[in-house]
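Take a look at the structure below.
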Amino acid sequence: QVQLVESGGGSVQVAGSLRLSCAASGDTDRSACMAWFRQAPGKEREVVAVFSGDGISTYYTDSVKGRFAISRDDAKNTLYLQMNDLKPEDTAMYYCATTSEWVNWLRMLRASMYTSWGQGTQVTVSS
């Protein structure tokens, strides 16, 4: 298994910025795809951004396009999510996830496809 630990969450006012980090350890050779999900109270876990195993292709949900950026530092085994122009709707627990098997873009947007998860880091945006 791959172990994931998120950090960087906190409370911020609208239009503020945060950078989330996800440190990976263990059998990282099996980490073919990494993603950020979030879950707000009373809602299902939803995909935010995905970084494909080839290190090139990315996906962003429509609500964060132009504001969030996913990146990866292979030397540090760390995944990042830069979040700018934060809105109250971004308030959620953010989770890092990874899996060793890539299927296709449609399937990789589902939480059930991921086999390793971090503990989550809370992001709260106040107006």
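The values are calculated or read from the model by the stated rules, or taken from the named source; none is laboratory data. Since this is a predicted model, take the numbers as computed values, not measurements. Cβ: placed from backbone, ideal geometry, glycine included. Neighbour counts: every protein chain shown. When the accessible area is computed, the model is the full protein with side chains, heavy atoms only, and any ligands, DNA or RNA have been set aside. Shrake-Rupley method; radii C 1.70, N 1.55, O 1.52, S 1.80 Å.
Determine which member of the set Thr78, Thr99 is of a type in the set (Val, Ile, Thr) and within 16 Å of Arg19 (Cβ to Cβ). From the options Thr78, Thr99, the qualifying one is Thr78. In this entry, Met93 is excluded by the filter for residues that are open to solvent by less than 20 Å² (accessible area, probe 1.4 Å) and under 14 Å from the mean Cα position of the chain (by Cα).
The residues of the stretch 58-70 that are in a helix (DSSP H, G or I) and surrounded by 17 or more Cβ atoms within 10 Å (Cβ to Cβ) amount to a single one, Val64. Of note, Val50 satisfies the criterion of being in a strand (DSSP E or B), among the aliphatic types (A, V, I, L, M), under 13 Å from the mean Cα position of the chain (by Cα) and closer than 13 Å to Thr99 by Cα. Lys65 falls short on exactly one of the conditions (1) under 20 Å from Gln3 (Cβ atoms); (2) among the charged types (D, E, K, R); (3) at pLDDT 95 or above, and that condition is (1). Exactly one residue among Thr98, Thr124 is assigned to a strand (DSSP E or B), of a type outside the set (Lys, Arg) and more than 15 Å from Gly9 (Cβ to Cβ), and that residue is Thr98.
Only one of the numbered conditions (1) out of contact with any helix residue (DSSP H, G or I) (no Cβ under 9 Å at 6 or more places or on another chain); (2) open to solvent by 50 Å² or more (accessible area, probe 1.4 Å) is not met by Thr115, and that is (1). A search for C-beta distances below 9 Å between a residue of the stretch 108-127 that is free of Cβ contacts under 8 Å to residues at least 40 places away in the same chain and any residue that is surrounded by 13 or more Cβ atoms within 10 Å (Cβ to Cβ) and assigned to a strand (DSSP E or B), counting only pairs 6+ apart in sequence or on different chains, returns Met113/Cys33; Met113/Ala35; Met113/Ala97; Met113/Thr99.
None of Gly16, Gly42, Gly55 is in a loop (DSSP other than H, G, I, E, B), over 17 Å from Leu106 (Cβ atoms) and open to solvent by less than 20 Å² (accessible area, probe 1.4 Å) except Gly16. Please list, ordered by first then second residue, the pairs with beta carbon atoms under 6 Å, 6 or more apart or interchain, first in the stretch 7-20 and of a type in the set (A, V, I, L, M), second part of a loop (DSSP other than H, G, I, E, B) and open to solvent by 70 Å² or more (accessible area, probe 1.4 Å). Listed pairs, sorted by first residue: Val14/Ser127; Ala15/Asp85.
Considering only the stretch 71-88, I want to know if a residue exists there that is free of Cβ contacts under 8 Å to residues at least 24 places away in the same chain and either outside any strand (DSSP E or B) or surrounded by 15 or more Cβ atoms within 10 Å (Cβ to Cβ) (or both). Within the stretch 71-88, one or more residues are free of Cβ contacts under 8 Å to residues at least 24 places away in the same chain and either outside any strand (DSSP E or B) or surrounded by 15 or more Cβ atoms within 10 Å (Cβ to Cβ) (or both).
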